[in-house]
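Structure, as structure tokens:
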Amino acid sequence: MKLPLITNIQKYSIHDGKGIRTTVFFKGCPLSCRWCHNPETQDYGKELLFYEERCTGCGACVQECPNGAVMPVSGKAYTKRQLCSACGDCADSCVRNARQVCGRTYTVRELTEELLKDRAFYETSDGGVTLSGGEALAQDPDYLEPLMRGLFRRGISINIDTCGAVPFPVFERVLPYTDTFLYDLKLMEEDKHKEYTGRDNRQILENLKRLSGQGARIWIRIPVIGGVNDGETQIGRMADFLREEQIHAGQVNLIPYHKTGSGKYRQLGRDYQDSAFYVPSEERMQQLRELLGQRSGIPVFLGG
């Protein structure tokens, strides 16, 4: 069994399903969406986060780095990413907490114990645990299945937030323990999907059809990205697909694009193409909500 890396265990989450939930963010995703607001979850390995504004240039990290990856530049300590192994030595030496290693492992038992700490909140709010990422289902199924089975046997509701780009047998293994799949749809055109996410959508759409056919409880989530998929043609094609393929979705959530995660790209030493996207207006979101609801026949909500 391979232990996955986890970037965050978010308590008191209210946007990942019913009630109060604890959301686990796994590291690693088969997609690389250009607008991703959790870029630290895309890569499967550990990564260094550098908070430049906290750095005083004291030089402690320069001395501690075993790879010679850290060097002083204009009063700050910058990292040559190609030399960095994310060992954490520089982070341990930083008294300003300007350096952090993103990603740590939990055994199934450790993670289960952590998630059960919030059991009282789940029970009083009809909430539970949501497995997210990154992509939860891209992790080792031999880790996921016993984790989910243990929570399920304790009466904990489990949601899976998924992009759908994984082999369908993985869905089959977790289906018996899953309350709701929060299933992303981003673009219908195969070429555009590949342009903006790094992969085509054939597997994603096929998995959705098969999952629906097996009676899974599904909520569709559509991130509405201004300049990418906020047109009536795009949303209309999604509605037609859901109706024509008879996808049994309990609801659709239209989630407007936001830029709150853009700063993470700089912390990871990456560029963010935020100029290519914009936040759809409230009026536009309402128009898309009406269009999608009328053409799909599925209840549509904004946000979530």
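Any read-out appearing in this document is the output of simple, stated calculations on the displayed coordinates, not a laboratory observation. Source: prediction; values computed, not measured. Please note: Cβ atoms are built from the backbone with ideal geometry, for glycine as well, and neighbour counts cover all protein chains shown.
Using a basic spin-label model with each label point 7 Å from the Cα along Cα→Cβ, how many nm lie between ASP126 and ASP92?
Each label point lies 7 Å from its Cα, and together they span 4.8 nm.
Add -39500 (n - 2.57) for each DSSP H run of 4 or more in the chain, then divide by its residues: what number comes out at 222 nm, to the nearest 500 deg cm²/dmol?
Calculated from helices alone, the mean residue ellipticity at 222 nm is -9500 deg cm²/dmol.
Pop a pseudo-label 7 angstrom from the Cα along the beta-carbon direction at both LYS259 and TYR51 and give the gap in nm to one decimal.
Taking the simple label geometry, LYS259 and TYR51 are separated by 2.2 nm.
For segment 69-83 and segment 248-279, what is the separation of their C-alpha centers, rounded to whole Å?
The distance from the Cα centre of segment 69-83 to that of segment 248-279 comes to 28 Å.
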